[in-house]
Amino acid sequence: MAGQAASSNGGGEKPGTGPATGSSSSGSGAASGSGSASTGSSAGSGSTGSGNASSGSSGSGSSSSSGSTAKSGTFTGQSVSTPYGNVQVQVTIASGKIAEVTPLQLTDADGRSQMISSQAAPMLRSEVLQAQSANVQSIGGATYTSEGYLTSLQSALDAASYKG
């Protein structure tokens, strides 16, 4: 899920708006929070300045939102029919991330299909874990296995409400 960025003023006053006595203020802080739909954290820091006629501080901060409303647990994707047999995978979501992808069924129409699937599945798993998404490229020479694997995976991610 793409994060959203927003800025917040980590200091208190705007430059030049303080009293004419030369006081100064500074602010820094970090906070994190979570809501029912997303989690995020923000941090801000301020720098101070003072002078005879005016004082103030300026600050900058950032806020990012990441994660999703994904349920933690293990979810089984639909069984996808290919010309060489059915493909079905299971995904484990932990802390809002894809933690594991396990093939439950791979193409098995013949020895060649089994060989192709057994080579493609670990590569697909690796790509999915790195991308944290089912949006990865098919493995060359294993198109049907790849498409079945990724379609089944996406149905499992949908069941988990995962929006990686």
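A count restricted to the stretch 56-77 and to residues that are modelled with pLDDT of 95 or more and buried (at least 17 other Cβ atoms within 10 Å of the Cβ) stands at 2.
So for the stretch 101-108 (the condition being of a type in the set (Asp, Glu), out of contact with any helix residue (DSSP H, G or I) (no Cβ under 7 Å at 6 or more places or on another chain) and open to solvent by 40 Å² or more (accessible area, probe 1.4 Å)), does at least one residue qualify? Break it down stepwise before answering.
Step one: of the stretch 101-108, the residues of a type in the set (Asp, Glu) are 108.
Keeping just the survivors that are out of contact with any helix residue (DSSP H, G or I) (no Cβ under 7 Å at 6 or more places or on another chain) gives none.
For the stretch 101-108, residues of a type in the set (Asp, Glu), out of contact with any helix residue (DSSP H, G or I) (no Cβ under 7 Å at 6 or more places or on another chain) and open to solvent by 40 Å² or more (accessible area, probe 1.4 Å): absent.
Confirm whether Gln90 is within 27 Å of Lys163 (Cβ to Cβ) and surrounded by fewer than 14 Cβ atoms within 10 Å (Cβ to Cβ). Here the answer is no, as Gln90 does not meet what is asked.
Given the criteria open to solvent by 40 Å² or more (accessible area, probe 1.4 Å), more than 23 Å from Gly164 (Cβ to Cβ), modelled with pLDDT of 95 or more and not hydroxyl-bearing (Ser, Thr, Tyr), does Gly85 qualify?
On the way: open to solvent by 40 Å² or more (accessible area, probe 1.4 Å): no; more than 23 Å from Gly164 (Cβ to Cβ): yes; modelled with pLDDT of 95 or more: yes; not hydroxyl-bearing (Ser, Thr, Tyr): yes.
Considered against the rule, which asks whether it is open to solvent by 40 Å² or more (accessible area, probe 1.4 Å), more than 23 Å from Gly164 (Cβ to Cβ), modelled with pLDDT of 95 or more and not hydroxyl-bearing (Ser, Thr, Tyr), Gly85 comes out as no.
Kindly establish whether Arg112 is open to solvent by 70 Å² or more (accessible area, probe 1.4 Å), outside any strand (DSSP E or B) and over 19 Å from Ala159 (Cα atoms). Judged against the criteria, Arg112 is a match. Of all the numbered requirements in (1) open to solvent by 50 Å² or more (accessible area, probe 1.4 Å); (2) over 14 Å from Ser81 (Cα atoms); (3) within 21 Å of the chain's Cα centre (by Cα), Pro122 misses one, and that requirement is (3). Annotation note: Cβ proximity below 9 Å between a residue of the stretch 133-144 that is crowded, with 16+ Cβ neighbours inside 10 Å and a residue that is among the β-branched types (Val, Ile, Thr) and assigned to a loop (DSSP other than H, G, I, E, B) (sequence gap 6+ or interchain) occurs for Ala142/Thr107; Tyr144/Thr107. Annotation note: of Ala156, Ala160, the sole residue that is surrounded by 14 or more Cβ atoms within 10 Å (Cβ to Cβ) and in contact with a Gly (Cβ under 6 Å, 6 or more places away or on another chain) is Ala156.
The values are calculated or read from the model by the stated rules, or taken from the named source; none is laboratory data. Predicted model, so just to flag it, every value in this text is computed and none were measured. Ideal geometry is used to build each Cβ from the backbone, glycine not excepted, and the neighbour counts take in all protein chains shown. To get the accessible areas, we keep the full protein, side chains included, count just its heavy atoms, and leave off ligands, DNA and RNA. Shrake-Rupley method; radii C 1.70, N 1.55, O 1.52, S 1.80 Å.
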